[in-house]
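Reviewing the structure listed below.
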Amino acid sequence: MILFSKKKSLSVALAVIFIFLFLITISCKTEGPVPEIEQGDEKKDIDDGSGFKGTPDLSIIANISIPGQAIDVCVSGDYAYLTSDLGILYVIDIGDKTSPVIIGKCRSVDSSNIVIVKGDFAYITYTDYIREDNDFYTRCGFYIVDVSDKNNPELIGNYISGDNNNRSVYGLFVGEDYAYVETSIEEEQDNISYLEIVNIIDKEYPEILTRYELDGAATSIWVEDDLAFINANFYDYEKNSYSDESRIIVVDLEDKSNPRVLNYCVVDSISSGIYLIDGYAFVTSWQLDEDGENYTDSILQAVNVKNPDDIKILGECEVPGGAWEMDSAGEYIYVSSLSGGLYAVNLEDKEALFIADSLNTGGTTYDVATSGNYAYVVDGFEGLYIVKMSDNNEEGSRDERDVYNDNNGHDKNYPPEVFIDFFGESFMDDYFQIKNPVYFSSNNTYDPDGDELSYIWNIDGSKCSEDKEFRYYFEEPGEYEIELIVSDGIDSSKKSETISVAEINRPVTIKNIHDFKVEIEYTLMNKSDTIIDEIECFMRIPQTYYPYQVIKNYNTGYPVKEELFDNDWNSLIHFEFDGEELGKDEKITAYTIIDMEALEFDYIDFGGFNGQSGIFYDKDDEDYKKYTSDELFIDSESPEIKNTTDELIESEAEPLKITEILYNFVIGRLSYDFPRAEDRNYEFLYASEILERGRGVCADYAILYTAMLRSAGIPSRLSAGIPVYSILYEDDREIDLSHAWVEVKLPGYGWFPIDITPEEKFMSPNYYLNVVTEKGNGYLYENKTMDWRSYYYEGFLYSWNGFDDIPVTEQGFKFRVDGLELEDIELDRY
């Protein structure tokens, strides 16, 4: 029986984004959310009533995560509406600010981005990048979603601005009867932008009234008193970079069928966000360094726009990181930073803006919305943070200039704020297993002044790393002191944490240990006349997960630039092929040979576990909270999954018995879908769809089993990797498919694997030697919007010149096994 699923690799369509790499990188970011625009009921916190009047003293009080990246948020009453880059609108009940709860989802908003809620309707922009054969194009516009039923939001309308061209949506403003959409078309040597005025009285059939051409590349829009204020950037195609100047363009909208430009004001490059308060426009701008990695010259500017005939800049304030989106409360404007964070800027003197307070977050802060005394911060992979803005409701109760260093003449340097986070497979009482990876991160560490930081990690007084994040294996049980020292070049700060490590029994009995080698090979071939260059490759490789697999060492065909970790702490190695170019029918290959051990094992006799009282989960455990919740494709809270699971387990409460009941149901319900297995590009299905179909491949078996376990309150997750046992059946000892299975966490024992696709008896002896390269739900994700570089897709990335000569490439991979024979597999003989 074939057991494997397809292996996800970087879609060639995504590689199209490398056209004019710097230009498109900016476009990916400026395609992001625009400020919330409703200033009436939608900006009030009905639980708080009064607006914010205090001095900023920012503190995080809650966080809620979602699959993929959170992109944009709009707050209306007791609900937050959150979009994700996976094409889902989430409705979140924020009545209890300390405990937000997702209560509704709309999965029909592919490539969703900006969200604006007005009354019972949410307006959501999208730009879908599509590759068909050798043709690349986009489809863009905005959806209209009826959110009157918070539990069941429904897509009812779709305005299509661009279909089968290179148009993208960058800005949206929604009025009573009209939506104002900013779009841009990227041509070979030009950017053409449009202001599109759309009649939205009929929500099911929005209709364009006017499309008005503008200079430059539009980024965001604000509409007020029949005037539109639009950011526009200008790209210098000869220099292959953006110009040093952007514009705020003022457009007269009194006659909506005939808009006209009144004036413009030059602002700093690159202008991204705009927000209006009482006749003043606040504009964020930033640039990237030569490497395209760090933000520079990131500022907030105040522009007097009370008289469109006399627009002028009044003042500015440096904002660390990439200043992005804004919202206001009291005498402050809150600015999100693409480097991760929130900055409260005092607006009392428009000619002397200064930062009053700041808050660091661990991700990429794409948006902020304020309501009452709370800010709702959208932070990429970290999800949505709820931030209390102040505990003090008396305005000006402290001298903010003495609290925070800014660009207003203060010479004092502020030292870094240090935070240590650590992750791994923890067991009872938060002990980590010896010989298993523990990951240390300082991603939440930041410098109030935005200075570049250096890191030194010590474990029990011995230096072990200078990286921002790293992996460590503890060989002996005990308590270890972890110290992190961070310097900004002038001052340093340090912090210490203590972690506990123990040898904890796994729920398996080792029957045999095999030494062998696994080779992972990725290949890129150019099938067209277009030359491709700037080639790089990301390859997933296995880590040690004691006792199931132990990695002794690995060797690569090319030097490794760096080892990276994705958001589930899976490992990838990054190759760069400096100076390499591929012409027609030429190929390049990256490979890694891993010397390792893997187990044949039998599950232990749990003895009194079934029927034993006192065996239960700690529901405050992070694994329990994360791996018993609904996730992309794992719709454990859907009625179909929930009802079926409840009927099966009835009053059963013992975790192991529930795990067995659901295992037997899945293998009885599903049959293996051989035609689906032959399709290398099959689409993933939701667990509820798999349940209805009654057939599937290994990924389907694993998704359905995981969803039902989670629905029953059993922590479970997907695993994927190399099917060693099946490779041994191949004549050439290689295969171009990977495999998926399930890991379950039992109280007192921790995580252990269950391969459900073979349909053997529950907890039969396991001799498949599956090698894990990826744990978690990440391999199911397909990012469609925003900063796709945040994802580490395995496979090749590359660039080329020109918009029209899109290269045709083929990417492939193979797994090979050496030093192991079928007759070596002991448990296979029984």
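The values are calculated or read from the model by the stated rules, or taken from the named source; none is laboratory data. The structure displayed is predicted, hence computed values, not measured ones. Heads up, the Cβs are rebuilt from the backbone with ideal geometry, glycines too, and the neighbour counts pull from every protein chain shown. Surface accessibility is based on the protein's heavy atoms, side chains included, excluding ligands, DNA and RNA. Shrake-Rupley method; radii C 1.70, N 1.55, O 1.52, S 1.80 Å.
Things worth noting here:
- Residue 370 vs. criteria touching a residue at least 60 places away in the same chain (Cβ under 8 Å) and open to solvent by 10 Å² or more (accessible area, probe 1.4 Å): no
- When residues of region 590-608 are limited to those that are more than 12 Å from residue 515 (Cβ to Cβ) and open to solvent by less than 30 Å² (accessible area, probe 1.4 Å), the one modelled with the lowest pLDDT: 606
- Subset of region 78-87 [modelled with pLDDT of 95 or more and either open to solvent by less than 30 Å² (accessible area, probe 1.4 Å) or in a strand (DSSP E or B) (or both)]: 79, 80, 81, 82, 83
- Filter result for residue 273 (farther than 23 Å from residue 324 by Cβ and under 31 Å from the mean Cα position of the chain (by Cα)): no
- Test: residue 110 is open to solvent by 10 Å² or more (accessible area, probe 1.4 Å), closer than 17 Å to residue 376 by Cα, in contact (Cβ under 8 Å) with a residue 40 or more places away in the chain and not β-branched (Val, Ile, Thr): no
- Leading residue by the ranking (modelled with the highest pLDDT) among those in region 385-419 that are under 23 Å from residue 469 (Cβ atoms) and not in a loop (DSSP other than H, G, I, E, B): 385
- Residue 530 meets the conditions (1) closer than 17 Å to residue 794 by Cβ; (2) open to solvent by 10 Å² or more (accessible area, probe 1.4 Å) in every case but one. The failed one is (1).
- Residues in region 247-282 that are more than 11 Å from residue 231 (Cα to Cα) and of a type in the set (Lys, Arg): 256, 260.
- Scanning region 635-657 for residues that are open to solvent by less than 80 Å² (accessible area, probe 1.4 Å) and either within 15 Å of residue 757 (Cβ to Cβ) or assigned to a helix (DSSP H, G or I) (or both) gives 641, 642, 644, 645, 646, 648, 649, 655, 656, 657.
- In region 312-333, the condition of being part of a loop (DSSP other than H, G, I, E, B), free of Cβ contacts under 8 Å to residues at least 24 places away in the same chain and farther than 22 Å from residue 247 by Cα is met by no residue.
- Of all residues in region 468-509 being of a type in the set (A, V, I, L, M, F, W, C), over 22 Å from residue 436 (Cβ atoms) and part of a strand (DSSP E or B), the one that is farthest from the chain's Cα centre (by Cα): 485
- Members of region 457-467 found to be in a strand (DSSP E or B) and either under 27 Å from residue 318 (Cα atoms) or open to solvent by 60 Å² or more (accessible area, probe 1.4 Å) (or both), listed by number: 462, 463
- Exactly one residue out of 685, 746 is touching a Leu at 6+ places or on another chain (Cβ under 8 Å) and either among the aliphatic types (A, V, I, L, M) or free of Cβ contacts under 8 Å to residues at least 60 places away in the same chain (or both): that is 746.
- Test result for residue 649, more than 30 Å from residue 132 (Cα to Cα) and either at pLDDT 95 or above or hydrophobic (A, V, I, L, M, F, W, C) (or both): yes
- Residue 334 meets all of the listed conditions (1) under 17 Å from residue 390 (Cα atoms); (2) of a type outside the set (Lys, Arg); (3) at pLDDT 95 or above; (4) open to solvent by 10 Å² or more (accessible area, probe 1.4 Å) but one, namely (4).
- Scanning region 154-192 for residues that are assigned to a loop (DSSP other than H, G, I, E, B) and among the polar types (S, T, N, Q), we see that the one that is surrounded by the most Cβ atoms within 10 Å (Cβ to Cβ) is 166.
- Qualifying positions in region 340-367 - open to solvent by 10 Å² or more (accessible area, probe 1.4 Å) and of a type in the set (Ser, Thr, Tyr): 343, 358, 364
- Residue match in region 117-134 (condition: at pLDDT below 95, open to solvent by less than 40 Å² (accessible area, probe 1.4 Å), under 24 Å from residue 221 (Cβ atoms) and over 22 Å from the mean Cα position of the chain (by Cα)): no
- When 734, 660, 678, 683 are checked against the criterion of being open to solvent by 20 Å² or more (accessible area, probe 1.4 Å), touching a Phe, Trp or Tyr at 6+ places or on another chain (Cβ under 6 Å) and within 27 Å of residue 771 (Cβ to Cβ), a single residue qualifies: 660.
- Test: residue in region 487-505 that is surrounded by 16 or more Cβ atoms within 10 Å (Cβ to Cβ), at pLDDT 95 or above, more than 23 Å from residue 752 (Cβ to Cβ) and not basic (Lys, Arg): yes
- Among the residues of region 719-759, those identified as in a loop (DSSP other than H, G, I, E, B) and under 14 Å from residue 702 (Cα atoms) are 755, 756, 757, 758, 759.
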